[in-house]
1. Could you tell me which numbered condition A:PHE13 fails, if it satisfies all but one of (1) modelled with pLDDT under 75; (2) within 11 Å of chain B (Cβ to nearest Cβ)?
2. Starting from residues that are aromatic (Phe, Trp, Tyr) and crowded, with 20+ Cβ neighbours inside 10 Å, keep the ones in the range B:61-84 and report whichever is nearest to B:ILE47 (Cα to Cα).
3. May I ask you to verify whether B:GLY135 is modelled with pLDDT under 95 and in contact with a helix residue (DSSP H, G or I) (Cβ under 6 Å, 6 or more places away or on another chain)?
4. Give the residues of the range B:131-154 that are surrounded by fewer than 21 Cβ atoms within 10 Å (Cβ to Cβ), in a loop (DSSP other than H, G, I, E, B) and away from chain A (no Cβ under 14 Å), sorted by residue number.
5. Would you confirm, using the coordinates I've provided, whether B:GLY128 is within 14 Å of chain A (Cβ to nearest Cβ), small (Gly, Ala, Ser), crowded, with 21+ Cβ neighbours inside 10 Å and not in a helix (DSSP H, G or I)?
6. For the list (1) within 14 Å of the chain's Cα centre (by Cα); (2) at pLDDT below 90, I need the number of the one condition that A:CYS38 fails.
7. Would you mention how many residues in the range B:95-125 are closer than 16 Å to B:LYS80 by Cα, aliphatic (A, V, I, L, M) and touching a strand residue (DSSP E or B) at 6+ places or on another chain (Cβ under 9 Å)?
8. Kindly evaluate B:LYS90 against the criterion of being closer than 16 Å to B:LEU115 by Cβ and without any contact (Cβ under 8 Å) to a residue 24 or more places away in the chain.
Amino acid sequence: MKNKFIIIFLCIFSIELSAAEINNLESKIFKNLRCIVCQGQSIAESNSDFAQTIKIVVRDKIDQGDNEKEIYKFLAEKYGEWIIYKPKFNYINSLLWFSPYIVLVFGGLLILKYLRRKKN
Amino acid sequence: MKISFLKIISISLVVFALIVFFLALNIDKRYSTEKIVGKNVDNFEIIFLNNDAVFKKQDLTNDKYHLINIWASWCLPCRKEHPILMRLKKENNLIIVGINFKDKKLNANDFLRELGNPYDFSLSDKDGTKSILFGVYGIPESILIDKKHKIINKFIGPLNVKDYEDILQLVNEK
């Protein structure tokens, strides 16, 4: 009897955990998708018709077993890379990805040099 | 002439920032159809407007061009483009597939009764999710598909006389 209770408890617990995981994935994807008919809003923030439709499509895709990458790929094929906030890493936007690090290193060197000069 | 290390770094940072700005400003931030045009139509299954039968990609024939038009009775620009669709209906080499978008069946049928029915197949996309397959973000939009089921043009907004002429030219190309 006690074992049955534990099994039931674990089943309910695991169902709730997987539902929470799906919700997390959903909201992560919504936040990373641009509402292309809105002004600076993500799909998560927008109540536009377009955003509502994209939300349904994303939920359907998750239910069908598609992963995050596959969903982004599908939408980028239809609407272009512009629909995804986080740009894909490729040779064209590699500069965009590396620029903060380059600026950080050079900026650091610049400050260091300035401080040394001031000290002398 | 001695150039200081400080100057080299400062100039490199400014040049680098200018390059990043130049590249970023040249990125087209508008919705573009370039991803859709030239690709084959994805598999789809859409129910008919007036019955529960399903229209599939396999139902697109191989001997004619298809124009998929996404419309709704509540959409004013759809009313504006309707005469163009009625003219295109006369084209033998073209099959027009209408996808009624987020609409009420009664209103859609009233619209077609009032203005005429240009569609060889009338389909219904109640929640708008099917139209995402065609990269639709507003209506009306039309997609021209060749005999091999490749998307050859996409028209955003109501079809006009220029679009009509372009479609005629494309579907009659040998």
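The values are calculated or read from the model by the stated rules, or taken from the named source; none is laboratory data. None of the values given here were measured: they were computed from a predicted structure. In this analysis, Cβ positions are derived from the backbone assuming ideal geometry, glycine residues included, and neighbour counts consider all displayed protein chains.
1. (2) is the only condition that A:PHE13 fails.
2. Residue satisfying both the conditions and the ranking: B:TRP71.
3. On the way: modelled with pLDDT under 95: yes; in contact with a helix residue (DSSP H, G or I) (Cβ under 6 Å, 6 or more places away or on another chain): yes.
The answer is yes for B:GLY135.
4. Passing the criteria: B:ASP146, B:LYS147, B:LYS148, B:HIS149.
5. Numbers: within 14 Å of chain A (Cβ to nearest Cβ): yes; small (Gly, Ala, Ser): yes; crowded, with 21+ Cβ neighbours inside 10 Å: yes; not in a helix (DSSP H, G or I): yes.
The answer is yes for B:GLY128.
6. A:CYS38 satisfies all of (1) within 14 Å of the chain's Cα centre (by Cα); (2) at pLDDT below 90 except (1).
7. Adding up the residues that qualify gives 2.
8. Details: closer than 16 Å to B:LEU115 by Cβ: yes; without any contact (Cβ under 8 Å) to a residue 24 or more places away in the chain: yes.
Yes; evaluated as a whole, the condition is true for this residue.
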